[in-house]
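**Q** One structure coming up, written as structure tokens, with questions to follow.
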Amino acid sequence: MGIREFVQAIPKVDLNLQLTGALVNDSLLMIARQNGVPATVDDFDNWVALLEAPDNDRLDEIAAAAGSWVMYPEDIARVVYDVGVSLHKQNIGYAEICVAPSRFLANGKMNIDVFINALNDGRDRALRAWGVDMAWIFCIPVDNPRAGDDVARWVTGASARNGNVVALGMLGRDDAQPVGQFKRAYATARKKEVRTVSNAGSDLGPAGIAEALEVLNPHRLTDSLGIAQDESALQSIRNLEIPLIVSLGRAMRTRKVKTLSNFPLRDLLESGVQVALSADMPSLYQSTLIDEYVWAHEKCGLTVDEITELARQSVRLSFLDDDRKSDMLQRLEDGLPFAKASL
């Protein structure tokens, strides 16, 4: 018994899980074959090999390709349910999941209302069977900013409001397009009181973070590792009380750090930034949220009390309403005695 068993036993949340990076390979391949993908996609076997042994330089490309095999409402419901099962196995009671609707709607087999219903069909099944709740962050692919107006319209519409869509975000490298391309979509979301999430600083560094804060004014930042080396950027997000969601697995896979011990998690915490851990794309990183917490302890030197506080903070930083946050925090506190018995 030890730290891994302790983390397993803590009720947790994940605030930046990417749907196409969390797909269960066996179900995904079954869906692909049912949809005739092997006969229509060049080098299908090579893509399957990349799912099993991902190329770190092509993670976003692999995720997008795999997602394109999920074509119908029943496919969406199935992969969402499978994600819910995976979350349950880690004792994750709630997740905010990043989805790029434009990618799933591109084949013309669904409209946005059908897509939202399919997401929530899978969610409802996971909630009934395993007590795992999920909410959706509708994202603009960074390499396709022209989808921004559509995503902003979808995320602010009645179907989204009634369909567990909690925020507007973006997916992809932050240097793929100028951040100004997304200004109108983010302004639309804020005007309609929809929360916003920005991926910034991962590839452009601190300058990208500063620009995203100025142009997009997000409620949350993700994958902004470069902020640790820039006091000005740190001061900005402290003053604005903007939380930062990080993934040690992504930093390692994308070679932003040489070793996990180099990840500046303690520096970020000691700087006063609000931080939460996420598995991000667990299928492609071949890691879990449990791994993230274990690494925080074993590689970054956080104590058991500090990683417990990170788990609490993740709940507080979620887009849950106050009553559901209180319920989730109580669930965490109720689980702590059992978790500590495993140490």
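**Q** Within region 109-124, can one find any residue that is within 20 Å of L320 (Cα to Cα), in a helix (DSSP H, G or I) and of a type in the set (K, R)?
**A** yes
**Q** Identify, from the list V85, V48, V70, V114, the residue that is of a type in the set (A, V, I, L, M, F, W, C) and under 30 Å from G335 (Cβ atoms).
**A** V85
**Q** Quick test of your reading of the structure: E5 fulfils all but one of (1) crowded, with 18+ Cβ neighbours inside 10 Å; (2) modelled with pLDDT of 90 or more; (3) of a type outside the set (A, V, I, L, M); (4) within 27 Å of L317 (Cα to Cα). Name the failing condition by number.
**A** Every listed condition holds for E5 apart from (1).
**Q** Residues that are over 19 Å from the mean Cα position of the chain (by Cα) and charged (D, E, K, R), at least 2 per element: which helices (runs of 4 or more DSSP H) completely within region 3-81 meet that?
**A** Filter on region 3-81 gives 3-9, 25-34, 44-52.
One line per residue, one yes/no per condition, for (1) buried (at least 20 other Cβ atoms within 10 Å of the Cβ); (2) touching a residue at least 60 places away in the same chain (Cβ under 8 Å); (3) over 25 Å from A339 (Cα atoms); (4) out of contact with any strand residue (DSSP E or B) (no Cβ under 8 Å at 6 or more places or on another chain):
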{"site": "K256", "(1), (2), (3), (4)": "no, no, yes, yes"}
{"site": "T259", "(1), (2), (3), (4)": "no, no, yes, yes"}
{"site": "L269", "(1), (2), (3), (4)": "no, no, no, no"}
{"site": "G272", "(1), (2), (3), (4)": "no, no, yes, yes"}
{"site": "V275", "(1), (2), (3), (4)": "no, no, no, no"}
{"site": "D280", "(1), (2), (3), (4)": "yes, yes, no, no"}
{"site": "Y285", "(1), (2), (3), (4)": "yes, yes, yes, yes"}
{"site": "D291", "(1), (2), (3), (4)": "yes, no, no, yes"}
{"site": "W295", "(1), (2), (3), (4)": "yes, no, no, yes"}
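**Q** Then there is this: Just to be sure before I move on: is M71 closer than 18 Å to F104 by Cα, out of contact with any strand residue (DSSP E or B) (no Cβ under 6 Å at 6 or more places or on another chain) and without any contact (Cβ under 8 Å) to a residue 24 or more places away in the chain in the structure I sent?
**A** The answer is no for M71.
The values are calculated or read from the model by the stated rules, or taken from the named source; none is laboratory data. It should be emphasised that the depicted structure is a prediction, and the values quoted were computed from it without experimental measurement. So basically every Cβ, Gly included, is an ideal-geometry build from the backbone, and we count neighbours across all protein chains shown.
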